[in-house]
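A short worksheet on the structure shown next.
The values are calculated or read from the model by the stated rules, or taken from the named source; none is laboratory data. All values reported here derive from a predicted model rather than from experimental measurement. Because the Cβ atoms are built from the backbone with ideal geometry, glycine has one as well, and the counts that use them run over all protein chains shown.
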Amino acid sequence: MTTKTLHGQEQQSSLPSEVMQTLALLQRRLGHSSDISIRKLNWPEDSSPFAIVCHLNGLVDDKEVNQMISNINQYVIAKRENDGMSVESLLQEVLPGKLKAIRDEEAMVQAVLDGRTVVLIDGLDTAMAASLLGGERRSVEEPTSQTVIRGSKEGFTEDISTNIALIRRKIRSADLRFEDRIIGRVTRTRVSVGYIQGIANPDVVQEVFARLDAIDTDSILESSYIEEFIQDAELTPFPTMINTERPDAVAGNLLEGQVAILVDGTPFVLILPVTFFRFFLSSEDYYQRYDISTFLRLIRLFSFFVALLLPSTYIAVTTFQQEMIPTTLLISLAAQREGTPLPALAEALLMELTFEVIREAGVRMPRVVGPAISIVGALVLGQAAVQAGLVSAAMVIIVSFTAIANFVIPYFSMSSAVRIIRFGFMILAGTFGLYGILAGVIPLLVHLVALRSFGIPYFLPASPLSFSNMKDVFLRIPWPKAKYRPDYVSEINKRRQSDSSGENPKEKLGD
């Protein structure tokens, strides 16, 4: 992996050879912060230090630091009379393979801030940075936002090195590449771009690097910062990148020719470019039988339309187009609404807003009581609203089923977009009926067709129509038949498996 600094030029001034002067230089830059550990190693016969070890508490492995200090002491005492001290000998004998020479002030300060242990040697104008990273880190656990019944239970953590290793375990290929950028003048966050050379489109990869290099900001604290900086369209509720905390999902998309962006400090990895229909595919689709996976995909697409249009359709037909409702059902709905003082639009808006408040409260409350409060609150408020005559029972059913259908969408970013757009359709339906819904659907389709994700049409394969890319969208074909990758991302190395793969061997058995 290569590393490149985006903002600012490193100061090329050599360090002083006197160790206390170098320490004063470091303390001046870091402001005598209380979390900086400074340990002086003195000569046995006097109090003058021959070396100083500096690091930030909590970012290093204390056992390895103590062992390093013990090794340095033993080395100096043993070698002082005969061989003297040199950077080369320290590199080879004290910590082979773990030290890096530093010859300027800026690199020394940054090494400490990155969590490395800096060793200053008296009489040398060169410091050394040891990679003894440690401290408390969250272990690899099951993803919380994207769970599956069958499949890997590993999830990304906040440590980018661990996340890269999780992907490497899935794809053990020399063509898998990770290239780093340091973004953020203050946070100096490590951002890594992953792709498979020979499968990913080089133009898309270069475009990703160009957009990352154009970012000039103080801080990057989460992958959402990167997403907003590099996305194609800002004025759209629809996500143009997938964020996931599943290593198997990232590995699968890399094998399709897509690009992954990992950000240090967050377990959510960005995948790009993507299309609209990608948000209805789950990792579990590829672990279940193809017929079951196809059925589940159709259920998700159906749930999308339910979550988007069911409340507005109910408002339209009960307010303007009552002739479309069967007579028996119309009489039942009329009886329910007889004592209801609010129109259907006001009912729906009241119930939808109430449900959004309950859902947000369930997320923000303590985890132990959050789910119980959200469920009990929805049941109690819904039943009380019906008994009080504020809303009809049918409206409670419509809003509840809409909320359940919204949760079926695998990716939260897409379900959030549906939640926002749904309110617009409800207002159009309450104002113009079914004609208002149609007036909203047409601009929405135009908007989806016009969107791009790193140059890729967002509504592929529906627009432009591409039959070759429909094999893994609405239907999940069996693996032996999936011989080619989708070519809308990259036309390089489209073949996934040979023609003979998956042949039935039973004909070769004894007759």
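Side notes on the structure shown:
- Conditions (1) closer than 25 Å to T157 by Cα; (2) assigned to a loop (DSSP other than H, G, I, E, B): number failed by A249: (2)
Matching residues to (1) over 21 Å from the mean Cα position of the chain (by Cα); (2) within 30 Å of E256 (Cβ to Cβ); (3) not hydrophobic (A, V, I, L, M, F, W, C):
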site: G115; (1), (2), (3): yes, no, yes
site: L120; (1), (2), (3): yes, no, no
site: A129; (1), (2), (3): yes, no, no
site: G134; (1), (2), (3): yes, no, yes
site: T144; (1), (2), (3): no, yes, yes
site: T147; (1), (2), (3): no, yes, yes
site: G151; (1), (2), (3): no, yes, yes
site: F156; (1), (2), (3): no, yes, no
site: T162; (1), (2), (3): no, yes, yes
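- Condition met for F425 (surrounded by 14 or more Cβ atoms within 10 Å (Cβ to Cβ) and over 29 Å from D203 (Cβ atoms)): yes
- Check on D487, surrounded by 15 or more Cβ atoms within 10 Å (Cβ to Cβ) and either among the basic types (K, R) or not assigned by TED's automatic domain parsing to the domain that holds L212 (or both): no
- Members of the range 330-344 found to be hydroxyl-bearing (S, T, Y) and part of a helix (DSSP H, G or I), listed by number: S332
- Those residues of the range 124-161 which are among the hydroxyl-bearing types (S, T, Y) and under 30 Å from L26 (Cα atoms), in sequence order: T126, S131, S161
- Members of the range 17-74 found to be in a helix (DSSP H, G or I) and charged (D, E, K, R), listed by number: R28, R29, D62, K63, E64
- Residue identified as outside any strand (DSSP E or B) and at positive phi among G151, G155: G151
- Selected residue [of a type in the set (K, R), surrounded by 19 or more Cβ atoms within 10 Å (Cβ to Cβ) and either part of a loop (DSSP other than H, G, I, E, B) or within 18 Å of the chain's Cα centre (by Cα) (or both)] from R138, R190: R190
- Residue satisfying all of: in the range 1-30; over 37 Å from the mean Cα position of the chain (by Cα) and among the hydroxyl-bearing types (S, T, Y); modelled with the highest pLDDT among these: T22
- Selected residue [without any contact (Cβ under 8 Å) to a residue 60 or more places away in the chain and of a type in the set (S, T, N, Q)] from T294, T318: T318
- Scope the range 311-329; condition surrounded by 18 or more Cβ atoms within 10 Å (Cβ to Cβ) and either part of a helix (DSSP H, G or I) or in contact with a strand residue (DSSP E or B) (Cβ under 6 Å, 6 or more places away or on another chain) (or both); matching residues: P311, S312, T313, Y314, I315, A316, V317, T318
- Taken residue by residue, the range 261-268 has no member that is in a helix (DSSP H, G or I) and surrounded by 15 or more Cβ atoms within 10 Å (Cβ to Cβ).
- Sole residue being at pLDDT 85 or above and either among the basic types (K, R) or more than 15 Å from T22 (Cβ to Cβ) (or both), chosen from G155, G84: G155
- Scanning the range 193-212 for residues that are outside any strand (DSSP E or B) and in contact with an Asp or Glu (Cβ under 8 Å, 6 or more places away or on another chain) yields Q197, G198, I199, N201, F209.
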